[in-house]
Amino acid sequence: MEALDRVVKPKTKRAKRFLEKREPKLTENTKNAILIKGGNANLTVTETLKDIYALKKPFAVLYKKKNITRPFEDQTSLEFFSKKSDCSLFLFGSHNKKRPNNLIIGRMFDYHVLDMIELGIEKFVSLKDIKNSKCPEGTKPMLIFAGDTFDLNEEYRRLKSLLIDFFRGPTVPTIRLAGLEYVLHFTAMDGKIYMRSYKVLLKKSGCKIPRIELEEMGPSLDLVMRRTHLASEDLYKLSLKQPKALKPKKKKNISHDVFGTSYGRIHMQKQDLSKLQTRKMKGLKKRPAAKMTEEDEGISQKKLKSV
(Lines give C-alpha, C1' and ligand atoms only; values in the text may rest on other atoms or scores of the structure.)
Protein backbone atom coordinates (compact mmCIF):
# COMPACT_ATOMS: atom_id res chain seq x y z
CA MET A 1 0.00 0.00 0.00
CA GLU A 2 1.32 3.45 -0.95
CA ALA A 3 1.92 6.12 1.67
CA LEU A 4 -0.82 8.37 0.25
CA ASP A 5 -3.42 5.54 0.24
CA ARG A 6 -3.13 4.75 3.95
CA VAL A 7 -5.78 5.91 6.44
CA VAL A 8 -4.07 8.77 8.24
CA LYS A 9 -5.25 9.71 11.72
CA PRO A 10 -4.47 13.32 12.65
CA LYS A 11 -2.31 13.84 15.75
CA THR A 12 -2.75 17.60 15.99
CA LYS A 13 -5.58 20.06 15.40
CA ARG A 14 -3.71 21.56 12.48
CA ALA A 15 -3.42 18.16 10.80
CA LYS A 16 -7.13 17.55 11.46
CA ARG A 17 -8.08 20.83 9.73
CA PHE A 18 -5.78 19.96 6.82
CA LEU A 19 -7.46 16.57 6.32
CA GLU A 20 -10.95 18.06 6.65
CA LYS A 21 -10.20 20.43 3.78
CA ARG A 22 -9.41 17.45 1.55
CA GLU A 23 -12.55 15.50 2.43
CA PRO A 24 -15.34 15.25 -0.16
CA LYS A 25 -17.88 18.07 0.17
CA LEU A 26 -21.30 18.81 -1.27
CA THR A 27 -19.98 22.10 -2.64
CA GLU A 28 -16.40 21.47 -3.70
CA ASN A 29 -13.55 23.94 -3.31
CA THR A 30 -12.14 25.88 -6.25
CA LYS A 31 -10.20 23.53 -8.51
CA ASN A 32 -6.43 23.87 -8.22
CA ALA A 33 -3.96 23.13 -11.00
CA ILE A 34 -0.41 21.77 -11.02
CA LEU A 35 2.02 22.94 -13.67
CA ILE A 36 4.80 20.42 -14.28
CA LYS A 37 7.93 20.83 -16.37
CA GLY A 38 9.18 17.79 -18.27
CA GLY A 39 12.72 16.46 -18.28
CA ASN A 40 13.66 18.25 -21.49
CA ALA A 41 11.61 21.46 -21.45
CA ASN A 42 13.05 24.40 -23.39
CA LEU A 43 12.77 28.14 -22.73
CA THR A 44 9.49 28.56 -24.65
CA VAL A 45 7.72 25.84 -22.64
CA THR A 46 9.17 27.14 -19.34
CA GLU A 47 8.00 30.72 -20.03
CA THR A 48 4.55 29.45 -21.09
CA LEU A 49 4.14 27.56 -17.82
CA LYS A 50 5.23 30.63 -15.83
CA ASP A 51 2.77 32.92 -17.64
CA ILE A 52 -0.17 30.53 -17.22
CA TYR A 53 0.80 30.16 -13.55
CA ALA A 54 0.64 33.97 -13.24
CA LEU A 55 -2.92 33.88 -14.65
CA LYS A 56 -4.01 31.00 -12.39
CA LYS A 57 -2.57 32.23 -9.08
CA PRO A 58 -3.44 31.62 -6.26
CA PHE A 59 -5.23 28.43 -7.45
CA ALA A 60 -2.12 26.81 -8.94
CA VAL A 61 1.10 25.06 -7.94
CA LEU A 62 4.19 25.39 -10.13
CA TYR A 63 6.80 22.62 -9.97
CA LYS A 64 10.16 24.24 -10.70
CA LYS A 65 12.19 21.03 -10.90
CA LYS A 66 12.15 18.87 -14.02
CA ASN A 67 10.18 15.62 -13.86
CA ILE A 68 10.98 12.88 -16.37
CA THR A 69 7.59 11.38 -17.24
CA ARG A 70 5.45 10.66 -20.30
CA PRO A 71 1.76 11.18 -19.47
CA PHE A 72 0.39 9.33 -22.52
CA GLU A 73 2.50 6.24 -21.72
CA ASP A 74 2.42 6.27 -17.91
CA GLN A 75 -0.04 8.31 -15.84
CA THR A 76 0.92 7.11 -12.36
CA SER A 77 3.34 9.97 -11.69
CA LEU A 78 0.70 12.58 -12.63
CA GLU A 79 -1.85 10.89 -10.38
CA PHE A 80 0.71 10.84 -7.55
CA PHE A 81 1.45 14.57 -7.94
CA SER A 82 -2.29 15.30 -8.14
CA LYS A 83 -3.00 13.51 -4.88
CA LYS A 84 0.04 15.00 -3.16
CA SER A 85 -0.85 18.60 -4.08
CA ASP A 86 -4.64 18.08 -3.95
CA CYS A 87 -5.05 19.34 -7.54
CA SER A 88 -7.64 18.12 -10.03
CA LEU A 89 -6.18 19.96 -13.05
CA PHE A 90 -2.71 19.70 -14.58
CA LEU A 91 -0.59 21.23 -17.32
CA PHE A 92 2.55 19.38 -18.41
CA GLY A 93 5.19 20.99 -20.65
CA SER A 94 7.91 19.22 -22.61
CA HIS A 95 10.04 19.53 -25.75
CA ASN A 96 11.61 16.98 -28.09
CA LYS A 97 12.41 16.55 -31.76
CA LYS A 98 9.24 14.61 -32.55
CA ARG A 99 6.88 16.94 -30.64
CA PRO A 100 8.51 20.36 -30.13
CA ASN A 101 7.05 22.92 -27.68
CA ASN A 102 4.54 20.46 -26.29
CA LEU A 103 1.78 21.12 -23.74
CA ILE A 104 -0.53 18.49 -22.22
CA ILE A 105 -3.59 19.83 -20.45
CA GLY A 106 -5.86 17.52 -18.48
CA ARG A 107 -8.09 16.95 -15.47
CA MET A 108 -8.58 14.28 -12.84
CA PHE A 109 -11.58 12.44 -11.46
CA ASP A 110 -11.06 10.71 -8.12
CA TYR A 111 -7.28 11.26 -8.58
CA HIS A 112 -7.27 9.38 -11.90
CA VAL A 113 -6.81 10.95 -15.33
CA LEU A 114 -10.19 11.74 -16.92
CA ASP A 115 -9.34 13.82 -20.02
CA MET A 116 -5.97 14.71 -21.50
CA ILE A 117 -5.28 16.72 -24.67
CA GLU A 118 -1.88 17.42 -26.22
CA LEU A 119 -1.29 20.85 -27.78
CA GLY A 120 1.68 22.13 -29.74
CA ILE A 121 2.89 25.73 -29.41
CA GLU A 122 3.51 27.31 -32.82
CA LYS A 123 3.79 30.93 -31.67
CA PHE A 124 4.23 32.40 -28.21
CA VAL A 125 4.31 35.98 -26.89
CA SER A 126 4.92 36.22 -23.14
CA LEU A 127 3.57 38.64 -20.55
CA LYS A 128 6.95 40.40 -20.41
CA ASP A 129 7.02 41.12 -24.15
CA ILE A 130 3.75 43.10 -24.08
CA LYS A 131 4.48 46.33 -22.19
CA ASN A 132 1.03 47.09 -20.83
CA SER A 133 -0.52 47.17 -17.38
CA LYS A 134 -1.50 43.77 -15.97
CA CYS A 135 -4.44 42.57 -13.88
CA PRO A 136 -3.99 41.86 -10.15
CA GLU A 137 -3.49 38.32 -8.91
CA GLY A 138 -6.61 36.19 -8.46
CA THR A 139 -8.79 38.12 -10.91
CA LYS A 140 -11.61 36.00 -12.34
CA PRO A 141 -11.48 36.08 -16.16
CA MET A 142 -14.26 36.26 -18.72
CA LEU A 143 -14.01 33.36 -21.20
CA ILE A 144 -15.00 33.76 -24.85
CA PHE A 145 -14.96 30.91 -27.40
CA ALA A 146 -15.24 31.73 -31.09
CA GLY A 147 -15.60 29.23 -33.91
CA ASP A 148 -18.17 26.55 -34.82
CA THR A 149 -15.56 23.82 -34.33
CA PHE A 150 -15.96 24.08 -30.55
CA ASP A 151 -19.59 22.90 -30.97
CA LEU A 152 -19.34 20.52 -33.94
CA ASN A 153 -16.22 18.45 -33.19
CA GLU A 154 -16.26 16.14 -30.13
CA GLU A 155 -12.54 16.63 -29.37
CA TYR A 156 -12.83 20.42 -29.59
CA ARG A 157 -16.02 20.30 -27.49
CA ARG A 158 -14.15 18.41 -24.77
CA LEU A 159 -11.22 20.85 -25.08
CA LYS A 160 -13.62 23.76 -24.56
CA SER A 161 -14.99 22.12 -21.41
CA LEU A 162 -11.41 21.49 -20.21
CA LEU A 163 -10.35 25.11 -20.79
CA ILE A 164 -13.43 26.38 -18.91
CA ASP A 165 -12.56 24.09 -16.00
CA PHE A 166 -8.95 25.26 -16.04
CA PHE A 167 -9.46 29.04 -16.19
CA ARG A 168 -12.89 29.65 -14.64
CA GLY A 169 -11.64 30.41 -11.11
CA PRO A 170 -13.86 30.55 -8.04
CA THR A 171 -17.66 30.50 -8.18
CA VAL A 172 -19.06 33.89 -7.13
CA PRO A 173 -22.67 34.72 -6.13
CA THR A 174 -22.66 38.27 -7.56
CA ILE A 175 -20.70 40.25 -10.14
CA ARG A 176 -19.83 43.94 -10.17
CA LEU A 177 -18.94 45.85 -13.31
CA ALA A 178 -15.54 47.03 -12.06
CA GLY A 179 -14.58 43.41 -11.32
CA LEU A 180 -14.71 42.44 -15.00
CA GLU A 181 -11.08 43.26 -15.64
CA TYR A 182 -9.74 40.83 -18.22
CA VAL A 183 -10.82 38.49 -21.01
CA LEU A 184 -9.44 35.19 -22.25
CA HIS A 185 -10.40 34.69 -25.89
CA PHE A 186 -10.10 31.30 -27.64
CA THR A 187 -10.62 31.04 -31.41
CA ALA A 188 -10.74 27.75 -33.34
CA MET A 189 -10.01 28.29 -37.02
CA ASP A 190 -8.20 26.35 -39.77
CA GLY A 191 -7.18 23.54 -37.41
CA LYS A 192 -5.56 25.89 -34.89
CA ILE A 193 -6.52 27.35 -31.52
CA TYR A 194 -5.62 30.98 -30.91
CA MET A 195 -5.47 32.09 -27.26
CA ARG A 196 -5.42 35.82 -26.55
CA SER A 197 -5.59 37.71 -23.26
CA TYR A 198 -7.02 41.24 -23.02
CA LYS A 199 -7.42 43.77 -20.24
CA VAL A 200 -10.82 45.51 -20.09
CA LEU A 201 -10.68 49.30 -20.02
CA LEU A 202 -13.82 51.17 -18.92
CA LYS A 203 -13.96 54.59 -20.60
CA LYS A 204 -16.37 57.48 -20.14
CA SER A 205 -19.32 57.37 -22.53
CA GLY A 206 -21.60 60.17 -21.29
CA CYS A 207 -24.15 57.74 -19.82
CA LYS A 208 -24.37 55.13 -17.05
CA ILE A 209 -22.99 52.31 -19.21
CA PRO A 210 -19.26 52.87 -19.86
CA ARG A 211 -17.55 52.46 -23.22
CA ILE A 212 -15.44 49.29 -23.27
CA GLU A 213 -12.04 48.94 -24.91
CA LEU A 214 -9.76 45.89 -24.98
CA GLU A 215 -6.00 46.17 -24.56
CA GLU A 216 -3.82 43.10 -25.22
CA MET A 217 -2.15 42.00 -22.02
CA GLY A 218 -0.55 38.63 -22.82
CA PRO A 219 0.26 35.81 -22.97
CA SER A 220 -0.55 35.08 -26.60
CA LEU A 221 -0.49 31.49 -27.93
CA ASP A 222 -1.05 29.84 -31.30
CA LEU A 223 -1.78 26.18 -30.61
CA VAL A 224 -2.39 23.08 -32.68
CA MET A 225 -4.08 19.92 -31.40
CA ARG A 226 -2.03 16.71 -31.39
CA ARG A 227 -2.91 13.57 -29.38
CA THR A 228 -6.00 13.14 -27.21
CA HIS A 229 -6.99 10.83 -24.36
CA LEU A 230 -10.71 11.29 -23.66
CA ALA A 231 -12.85 9.53 -21.09
CA SER A 232 -15.64 7.19 -22.19
CA GLU A 233 -19.21 8.49 -22.18
CA ASP A 234 -20.13 6.45 -19.08
CA LEU A 235 -17.15 7.67 -17.08
CA TYR A 236 -17.71 11.26 -18.25
CA LYS A 237 -21.37 11.14 -17.13
CA LEU A 238 -20.31 9.67 -13.80
CA SER A 239 -17.88 12.56 -13.25
CA LEU A 240 -20.69 15.06 -13.89
CA LYS A 241 -23.08 13.40 -11.45
CA GLN A 242 -24.20 15.62 -8.58
CA PRO A 243 -25.18 14.42 -5.10
CA LYS A 244 -28.90 14.26 -4.31
CA ALA A 245 -28.56 16.88 -1.58
CA LEU A 246 -27.60 19.53 -4.18
CA LYS A 247 -30.53 18.82 -6.49
CA PRO A 248 -33.45 21.23 -5.97
CA LYS A 249 -36.51 19.62 -4.40
CA LYS A 250 -39.53 19.46 -6.66
CA LYS A 251 -42.41 21.58 -5.38
CA LYS A 252 -45.90 20.21 -5.85
CA ASN A 253 -48.57 21.99 -7.90
CA ILE A 254 -46.09 24.47 -9.42
CA SER A 255 -45.37 24.54 -13.14
CA HIS A 256 -43.37 26.81 -15.46
CA ASP A 257 -43.92 27.82 -19.06
CA VAL A 258 -41.28 28.39 -21.75
CA PHE A 259 -40.86 32.04 -20.67
CA GLY A 260 -40.07 31.12 -17.06
CA THR A 261 -43.41 32.26 -15.60
CA SER A 262 -44.48 30.23 -12.56
CA TYR A 263 -48.02 28.92 -12.27
CA GLY A 264 -49.49 27.53 -9.03
CA ARG A 265 -52.45 25.22 -8.59
CA ILE A 266 -54.70 25.76 -5.54
CA HIS A 267 -57.09 23.06 -4.28
CA MET A 268 -60.30 24.49 -2.71
CA GLN A 269 -63.66 23.10 -1.59
CA LYS A 270 -66.65 23.42 -3.89
CA GLN A 271 -68.30 26.79 -3.44
CA ASP A 272 -72.04 27.53 -3.31
CA LEU A 273 -72.36 30.39 -5.76
CA SER A 274 -75.98 31.05 -4.80
CA LYS A 275 -74.81 32.43 -1.46
CA LEU A 276 -72.18 34.62 -3.04
CA GLN A 277 -72.56 38.28 -2.00
CA THR A 278 -72.72 40.41 -5.13
CA ARG A 279 -72.82 44.13 -5.58
CA LYS A 280 -76.21 45.61 -4.64
CA MET A 281 -77.80 47.10 -7.73
CA LYS A 282 -81.34 47.92 -8.64
CA GLY A 283 -81.15 45.64 -11.63
CA LEU A 284 -80.26 42.70 -9.42
CA LYS A 285 -83.06 43.20 -6.85
CA LYS A 286 -85.81 40.57 -6.80
CA ARG A 287 -89.20 41.66 -7.99
CA PRO A 288 -92.36 41.07 -5.88
CA ALA A 289 -93.63 38.44 -8.31
CA ALA A 290 -90.37 36.48 -8.04
CA LYS A 291 -90.56 36.68 -4.21
CA MET A 292 -94.14 35.33 -4.22
CA THR A 293 -93.22 32.35 -6.39
CA GLU A 294 -90.24 31.50 -4.12
CA GLU A 295 -92.47 31.69 -1.01
CA ASP A 296 -95.12 29.47 -2.63
CA GLU A 297 -92.46 26.91 -3.56
CA GLY A 298 -91.15 26.92 0.04
CA ILE A 299 -94.66 26.37 1.49
CA SER A 300 -95.41 23.51 -0.92
CA GLN A 301 -92.13 21.78 0.00
CA LYS A 302 -93.02 22.02 3.74
CA LYS A 303 -96.44 20.46 3.11
CA LEU A 304 -94.86 17.58 1.21
CA LYS A 305 -92.45 16.94 4.09
CA SER A 306 -95.26 16.96 6.67
CA VAL A 307 -97.27 14.47 4.61
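The values are calculated or read from the model by the stated rules, or taken from the named source; none is laboratory data. Just so it is clear, the model here is predicted, and its values are computed rather than measured. Note: ideal-geometry Cβ built from the backbone for every residue, glycine included; neighbour counts use all protein chains shown. For the accessible areas, the whole protein counts, side chains as well, though only heavy atoms, and no ligand, DNA or RNA atoms are used. Shrake-Rupley method; radii C 1.70, N 1.55, O 1.52, S 1.80 Å.
Only helices at least 30 Å long along their own axis, judged from Cα atoms, and with Kyte-Doolittle mean hydropathy of -1.0 or greater: name those in the chain from DSSP H. Both cut-offs are met by no helix.
Taking other residues whose beta carbon is less than 10 angstrom from the beta carbon of residue 225, and scoring Lys, Arg as +1 and Asp, Glu as -1, yields +1. Each Lys and Arg contributes +1 and each Asp and Glu -1, all at the Cβ; summed about the Cα centre of the chain, the dipole is approximately 2120 debye. Over all projection directions, the Cα-based convex hull of segment 1-149 averages an area of 12.2 nm². Working from Cα pairs under 8 Å separated by at least six residues, relative contact order for the chain is 15 percent. Shown are 225, 217, whose ranking by accessible area with a 1.4 Å probe and every protein chain present, most to least, is 225, 217. Counting Lys and Arg as +1 and Asp and Glu as -1 over every other residue whose Cβ lies under 12 Å from the Cβ of residue 144, the net charge comes to +2.
Return the label of the correct value of semi-axes √(5λ) of the Cα gyration tensor in Å, as calculated from the structure shown, out of [x] 26, 21, 21; [y] 65, 28, 20; [z] 42, 28, 17. From the options [x] 26, 21, 21; [y] 65, 28, 20; [z] 42, 28, 17, the structure gives [y]. Residue 14 sits among other residues whose Cβ lies under 13 Å from its own Cβ, and their net charge, with Lys and Arg +1 and Asp and Glu -1, is +4.
Only protein heavy atoms count here; on that basis, with a 1.4 Å probe, residue 228 has an accessible area of about 50 Å². Rounded to whole numbers, the Karplus 3J(HN,Hα) couplings from phi for segment 179-194 are x, 7, 9, 8, 10, 10, 10, 10, 10, 9, 7, 6, x, 10, 10, 9 Hz, using 6.51 cos²θ - 1.76 cosθ + 1.60 with θ = phi - 60°, and x at Gly and Pro. How about segment 245-282: which trypsin sites (Lys or Arg not before Pro) there are in a DSSP loop, with at most 16 other Cβ atoms within 10 Å of their Cβ? Answer by residue number: 249, 250, 251, 252, 265, 270, 279, 280. Taking all protein chains together and a 1.4 Å probe, the residues 190, 86, 115 rank 190, 86, 115 from largest to smallest accessible area. In the context of the full protein assembly, residue 74 retains an accessible surface of approximately 70 Å², using a probe radius of 1.4 Å and ignoring ligands and nucleic acids.
Please give the FRET efficiency for residue 269 paired with residue 171, using the beta carbon to beta carbon distance and R0 = 41 Å, rounded to the nearest 0.05.
0.30
Residues 152, 62, 119, sorted by accessible area with the largest first, give 152, 62, 119 [1.4 Å probe; ligands and nucleic acids excluded]. Dipole orientation for segment 13-246: of the candidates 69, 18, 242, 18 has the Cα lying most toward the positive pole (charges on Cβ; Lys, Arg +1; Asp, Glu -1).
For the chain, adding -39500 (n - 2.57) for each run of n ≥ 4 DSSP H residues and dividing by the number of residues yields -8000 deg cm²/dmol at 222 nm.
With protein chains left intact and a 1.4 Å probe, residues in the chain average 72 Å² of accessible area per residue. In this simple spin-label model, placing a label point 7 Å from the Cα along the Cα-to-Cβ direction at both residue 134 and residue 20 gives a separation of 3.6 nm. Scalar couplings 3J(HN,Hα) for segment 118-124, obtained by applying the Karplus form with A = 6.51, B = -1.76, C = 1.60 to θ = phi - 60°, are 9, 10, x, 8, 9, 8, 9 Hz; x denotes Gly and Pro. In this simple spin-label approximation, residue 262 and residue 244 carry label points 7 Å from Cα along the Cα→Cβ vector, and these lie 2.4 nm apart.
The solvent-accessible area of residue 207, taken with every protein chain present and a 1.4 Å probe, is close to 90 Å².
Measuring between their Cα centroids, segment 41-118 and segment 173-203 lie 23 Å from each other. Counting only protein heavy atoms and a probe of 1.4 Å, the accessible surface of segment 1-122 is 54% carbon and sulfur.
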